[in-house]
Structure formats: C-alpha cells, structure tokens
Amino acid sequence: MTKSARLAIAGNADLVMVRQQVRVVAVEAGLSLIDQTKVVTAASELARNALIHAGGGAVDIAIVDDGRRRGLRLSFSDDGPGIPDLDRALTDGYTTAGGLGLGLGGSRRLVDEFDVTSATGKGTTVTVTKWAR
C-alpha cells in the first residue's frame, strides 16, 4: 500500500467527505473516469449503510498493488447490530430501512472484489477493491 486514510462515518457530512476522498484516491490509483464513478457510487452506498443501519462506522481507504496492477481498496466497518441474513441482504430489492434494497448487491456489481463479514450484535465489515485497467 502506498497511501491510506481512515475516515469516520458519523453523519451526513461524513458521507460527502467519503465520496470526495474516494474520488481523490481513485484518481491517484489510476482508475479510469468510469471506474472512479463506479467505486465512488459503491463507497457512497456502503457508507450510507453504515450510517443508517449501524449508526456510523469508519472506512479505510488504500491504494493497493498486487505486483501486476494498482487499485483502490475500501474497508467499511461498524459495531452495529450486524446482518442476520447476509444472503437475503445481498438480494436486490430486500430492505430493512425502506430504501430500494440495492445497496449491498449494487455495490458488489460495481467493484472487482467484494467481501462482507457480519456477526449479529458484533457489526459488519465490507471490503471492496477496484483495479485500474
């Protein structure tokens, strides 16, 4: 990793900051404009999920290099209630907050790598990676 940052997600203003910082680091990582837009959209959804469902959390933003390519890795974590049924939560249209139910599944489609771990009562961590092409 050549660059990293940790941002708190505690309110709506933090959602704006997350989007802005992800865009800046995506440019530094060499992502195309289309891939920048995809990863910023995914970041916005995941940050909003942390705020709405867990009351807040944090995101770690890092440029990564696997020896063949550079990319951007985001890891969203919270200490919220967790996701009781992860398979259902990843299904488009499923919502517990009255939204469109596209947050997790939509974010997964926008990135190259997607991993989520969650434990009821212990919180959730979602890690996504978008590689430069």
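Where a number appears in this text, it was derived from the coordinates with a stated rule and is not lab data. Since this is a predicted model, take the numbers as computed values, not measurements. Cβ: placed from backbone, ideal geometry, glycine included. Neighbour counts: every protein chain shown.
Dipole magnitude for region 3-131: about 320 debye, using +1 per Lys or Arg Cβ and -1 per Asp or Glu Cβ, origin at the Cα centre. Axis angle, to the nearest 10 degrees, between helix 12-28 and the longest C-alpha principal axis of the chain: 30 degrees. Quick one: pull the percentage of alpha-carbon pairs in the chain with a separation above 27 Å. Roughly 14 percent, rounded to a whole number.
A helix-only calculation puts the chain at -12000 deg cm²/dmol for mean residue ellipticity at 222 nm, using -39500 (n - 2.57) for each DSSP H run of at least four residues, averaged over all residues.
Anyone know which of 85, 112, 14 comes out most mobile in the 10 Å Cα GNM of the chain? Judging by the Gaussian network model, the answer is 85. Rounded to whole numbers, the Karplus 3J(HN,Hα) couplings from phi for region 30-45 are x, 6, 5, 4, 5, 5, 4, 4, 5, 6, 5, 5, 4, 4, 4, 5 Hz, using 6.51 cos²θ - 1.76 cosθ + 1.60 with θ = phi - 60°, and x at Gly and Pro.
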